[in-house]
Amino acid sequence: MKGLDGVKNVVVIGLGMTGLSVVNHLLRLPQSLEVKVIDTRNAPPGQDQLPASVMLCRGHWNMDWLLAADMIVASPGVALATPELVQAAEAGIEIIGDIELFARAVTKPVVAITGSNGKSTVTGLVGEMAKEAGINVGVGGNIGFAALDMLAQDHDLYVLELSSFQLETTASLQLKAAVYLNLSEDHMDRYNGLNDYSQAKMRIFQHAELAVFNRDDLATRPVSFNGSMTSFGFDSDAYGLVVVDGEEFLAVEQQPVMATRDIALVGRHNVANSLAALALADAAGIEREAACRALRCYNGLAHRCQLIASYQDVRWVNDSKATNLASTLAALKGLELKGKLHLLVGGDGKGADFSELKPVLANLNVQLYCYGRDGHHFASLVEAPLSVDTMEQAMIIAADTAQAGDMVLLSPACASFDQYPNFMARGDAFVALATELQYNVAGAK
């Protein structure tokens, strides 16, 4: 296997789904490798699934293991600036991530998606387009399946969502096409400003045959790129929009493809996402007709503006995947609402500034519920906010006061890690309680 010549001793940092996928991949290789795992958590998830031949150090760093390694594979959640990894790097030890291991092993075409927001939607959509075309496709990376687990399934096409964290440790990923959807403030607790964060995402274009950028967010355009480039946006260029007989169409080079009203996904931001997905589908050789069929029927991902309960004309919407400010702004723009919005925000703010929400909330009939570790950062955005400790407490109060025409929306603008293991668990908790509470709303008691 290219890139692992001379490697005998590998240390994996972090267990969980990604760490286990790395371990299992390394053990499947024909060469004999000694694999160890370090996880600073006392009870790391997945330890019960670890093969007996793999040694595990829990609760602390084992520097002897680290400095004796030929290669370190770090999970995305572990920053390269961590002192122990800095020491290992200074000792000349190669540090990579699971996507770099994937890059050194994959033999089939790959397309990849990054951006601050919308990447899960576009990843899922391109995957559905490929399935509609009858392609054996693997969809994963930062969502769904770990990239290395998908390799064992021998797909004919891979569609990867890639975070900035994953791209930091990826250097040789060959892509048929890559898209950088948009840039907004996120993970400022890990990066030295917005430009540092963007440069991590720009790594997606390093070895791409085609770079796709957002014409309406030029921070996504590669400054130096030797391959082909195209773009998407709300004007008529490249992948864009045209109006024919008063009706708006998705278009490629000003040629109509399908009416935007036929897109199953809701919201203006999903028109942009559809154009980006169409660009990747074309690059991957997916039949245009199949891509359009997917656009007409794909309803999106769980935890992303998902209507999960409606009773007495009170809607409960799960947008737990809104883990940053821009995602919540996207959910609020164009919101159709007859009554009051009961908006639940808070969690782990990742050092973000939420002041941009203030003018948007000023135009809404909103009751703001602030919860979690960083909930207090939202309290100054509206008059009379309600501050509680947990999301569940906020939901109980909302159910007691909501009336016909109202919406209870979880769109927290924060990560979940202060109270939940991930945004999926947070969303599942919202869904479970909303399903019970929907019958308690005013007028239904």
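Before moving on, here are some points about what is shown:
- Filter pass, Ala259 being of a type in the set (Gly, Ala, Ser), in contact with a Cys (Cβ under 7 Å, 6 or more places away or on another chain) and over 24 Å from Asp98 (Cβ atoms): no
- Cβ-Cβ under 8 Å pairs, at least 6 apart or on other chains, region 191-210 side free of Cβ contacts under 8 Å to residues at least 60 places away in the same chain, far side open to solvent by less than 20 Å² (accessible area, probe 1.4 Å) and of a type in the set (D, E, K, R): Tyr197/Asp186
- Residue pairs meeting the criteria (Cβ under 6 Å; at least 6 apart or on separate chains; first part of a strand (DSSP E or B), in region 230-246; second of a type outside the set (A, V, I, L, M, F, W, C)): Ser231/Arg215; Phe232/Tyr239; Gly240/Gly233; Leu241/Glu248; Val242/Ser236; Val242/Gln254; Val242/Pro256; Val244/Pro256
- Taking the criterion of being touching a helix residue (DSSP H, G or I) at 6+ places or on another chain (Cβ under 6 Å) and either among the aromatic types (Phe, Trp, Tyr) or open to solvent by less than 10 Å² (accessible area, probe 1.4 Å) (or both), the residues of region 115-124 that qualify are Ser116, Val122.
- Some residue of region 212-227 being among the β-branched types (Val, Ile, Thr) and open to solvent by 70 Å² or more (accessible area, probe 1.4 Å): yes
- Residue within region 184-199 that is more than 13 Å from the chain's Cα centre (by Cα) and modelled with pLDDT of 95 or more present: no
- Among the residues making up region 2-15, those that are open to solvent by 60 Å² or more (accessible area, probe 1.4 Å) and at negative phi are Lys2, Asp5, Lys8.
- Of all the criteria given as (1) within 24 Å of Gly16 (Cβ to Cβ); (2) touching a Pro at 6+ places or on another chain (Cβ under 6 Å); (3) not hydroxyl-bearing (Ser, Thr, Tyr), the one not satisfied by Leu157 is (1).
- Of the residues screened, Gly427 is not one that is touching a residue at least 60 places away in the same chain (Cβ under 8 Å) and in a loop (DSSP other than H, G, I, E, B).
- Within region 125-150, the residues that satisfy the criterion of being assigned to a helix (DSSP H, G or I) and open to solvent by less than 10 Å² (accessible area, probe 1.4 Å) are Leu125, Val126, Gly127, Met129, Ala130, Ala147, Leu148, Met150.
Residue by residue, here is whether (1) among the charged types (D, E, K, R); (2) closer than 24 Å to Ser116 by Cα; (3) modelled with pLDDT of 95 or more holds:
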| site | (1), (2), (3) |
| --- | --- |
| Gln367 | no, no, yes |
| Leu386 | no, no, yes |
| Glu392 | yes, no, yes |
| Ser411 | no, yes, yes |
| Gln438 | no, no, no |
| Val441 | no, no, no |
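- Which numbered condition Thr220 misses (of (1) under 23 Å from the mean Cα position of the chain (by Cα); (2) at pLDDT 95 or above; (3) over 27 Å from Leu167 (Cβ atoms); (4) of a type in the set (Val, Ile, Thr)): (3)
- Residues satisfying the criterion are present in region 278-300 (criterion: modelled with pLDDT under 90, open to solvent by 50 Å² or more (accessible area, probe 1.4 Å) and over 16 Å from the mean Cα position of the chain (by Cα)).
- Selection of first residues in region 285-296 that are outside any helix (DSSP H, G or I) and of second residues that are open to solvent by less than 90 Å² (accessible area, probe 1.4 Å), restricted to Cβ pairs under 6 Å at least 6 apart or on distinct chains, gives the following pairs, ordered by first then second residue: Ile286/Met129; Ile286/Ala130; Ile286/Ala133; Glu287/Ala133.
- Pairing each residue of region 363-392 that is without any contact (Cβ under 8 Å) to a residue 40 or more places away in the chain and closer than 21 Å to Lys333 by Cα with any residue that is of a type in the set (Phe, Trp, Tyr) and part of a helix (DSSP H, G or I), provided the two are 6+ apart or on different chains, yields C-beta distances under 8 Å for Leu368/Phe378; Cys370/Phe378; Pro385/Phe378.
- Qualifying residues in region 254-263 (those that are open to solvent by less than 30 Å² (accessible area, probe 1.4 Å) and under 20 Å from Leu335 (Cβ atoms)) - the one farthest from the chain's Cα centre (by Cα): Thr260
- Among residues of region 174-199, those that are buried (at least 19 other Cβ atoms within 10 Å of the Cβ) and of a type in the set (Gly, Ala, Ser), counted: 3
- A single member of Ala251, Ala272, Ala281 is small (Gly, Ala, Ser) and not in a helix (DSSP H, G or I), and it is Ala251.
The values are calculated or read from the model by the stated rules, or taken from the named source; none is laboratory data. Computed from a predicted model, the values in this text were never measured in an experiment. Cβ: placed from backbone, ideal geometry, glycine included. Neighbour counts: every protein chain shown. When the accessible area is computed, the model is the full protein with side chains, heavy atoms only, and any ligands, DNA or RNA have been set aside. Shrake-Rupley method; radii C 1.70, N 1.55, O 1.52, S 1.80 Å.
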